[in-house]
Amino acid sequence: MENKKNVLMKLFFSTLYLSAFTFGGGYVIVTLMQRKFVDQYHWIDKDEMLDLVAIAQSAPGAIAVNGAIVVGYKLAGIIGAIVAIIATVLPPFVVISMISFIYAIIRDNIIVSQMLEGMQAGVGAVIMAVVFEMARGIQYGKNPMSAVILIGALIACLCGVSVIYVVIACIIIGLIRTCAFGKKEVKEK
């Protein structure tokens, strides 16, 4: 791996870029983080990225910030987490500060409202791509139990079970599997 200063610089500018040019929330930025840190820089492998996303999802707060924290921490410890947080939070902070000054002028503008509606459709498509990518990682993995858990969680959510209960149930299942089989065996099964 590269020296820590170069990693921190790349981490800062990558997360700053992703945060500045990503619309649609945390799931979109997580996919782009995977492309950047797994596919382009090869700092993290795909399975580890899925684990980091699971941690980011389970923690309270915005998934984009949580994702940046866990990736930054994985790459460069506490300093990496701080660098990633600053780079992730800075663009939305600047944009929202600017928008707050002109909100009264643009809130009733038809062009702005139509542009935002169009962005919603694009965001929906990107979120579906994230779900497909994560599900494909489970499908091609060596663990059929993960696919069963995925399908069970999907059915539970479609039947109106609160996401909180689904997450808690998945945590309990993961803990039981880890305690019963050990971490290595759970990944290999």
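Any residue in segment 102-122 that is touching a residue at least 24 places away in the same chain (Cβ under 8 Å) and aliphatic (A, V, I, L, M)?
Within segment 102-122, the subset touching a residue at least 24 places away in the same chain (Cβ under 8 Å) is 119, 122.
Pick out the ones that are also aliphatic (A, V, I, L, M) and you get 119.
Within segment 102-122, one or more residues are touching a residue at least 24 places away in the same chain (Cβ under 8 Å) and aliphatic (A, V, I, L, M).
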Name the residues in segment 32-85 that are open to solvent by 70 Å² or more (accessible area, probe 1.4 Å), in contact with a helix residue (DSSP H, G or I) (Cβ under 7 Å, 6 or more places away or on another chain), without any contact (Cβ under 8 Å) to a residue 24 or more places away in the chain and within 18 Å of Cys170 (Cα to Cα), would you?
Ile55
Residue within segment 116-123 that is assigned to a helix (DSSP H, G or I), surrounded by 12 or more Cβ atoms within 10 Å (Cβ to Cβ) and among the hydrophobic types (A, V, I, L, M, F, W, C) present:
yes
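In segment 29-45, which residue that is assigned to a helix (DSSP H, G or I) and modelled with pLDDT of 85 or more is nearest to Leu8 (Cα to Cα)? Can you show your working first?
Initial filter on segment 29-45 (assigned to a helix (DSSP H, G or I)): 29-40.
Imposing the further condition that a residue be modelled with pLDDT of 85 or more reduces the set to 35-40.
Values: Arg35: 18, Lys36: 14, Phe37: 13, Val38: 16, Asp39: 18, Gln40: 16 Å.
Per the criteria, the residue is Phe37.
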Failed criterion for Met9 (all others in (1) open to solvent by 80 Å² or more (accessible area, probe 1.4 Å); (2) at pLDDT 85 or above; (3) not in a helix (DSSP H, G or I) hold):
(3)
Taking the residues in segment 17-28 that are surrounded by fewer than 18 Cβ atoms within 10 Å (Cβ to Cβ) and at pLDDT 85 or above as candidates, determine which candidate is farthest from Gly124 (Cα to Cα).
Tyr17
Looking at segment 153-167, is at least one residue surrounded by 12 or more Cβ atoms within 10 Å (Cβ to Cβ), under 17 Å from Leu50 (Cα atoms) and within 21 Å of the chain's Cα centre (by Cα)?
yes
Does segment 139-150 contain at least one residue that is part of a helix (DSSP H, G or I), over 25 Å from Leu18 (Cα atoms), at pLDDT 80 or above and in contact with a Cys (Cβ under 9 Å, 6 or more places away or on another chain)?
yes
Answer residue from segment 57-113, given it is among the aliphatic types (A, V, I, L, M) and not in a helix (DSSP H, G or I) and is farthest from the chain's Cα centre (by Cα) among those:
Ala59
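The values are calculated or read from the model by the stated rules, or taken from the named source; none is laboratory data. All values reported here derive from a predicted model rather than from experimental measurement. Please note: Cβ atoms are built from the backbone with ideal geometry, for glycine as well, and neighbour counts cover all protein chains shown. Each accessible area value is taken on the protein alone, full model and side chains, heavy atoms only, with ligands, DNA and RNA left out. Shrake-Rupley method; radii C 1.70, N 1.55, O 1.52, S 1.80 Å.
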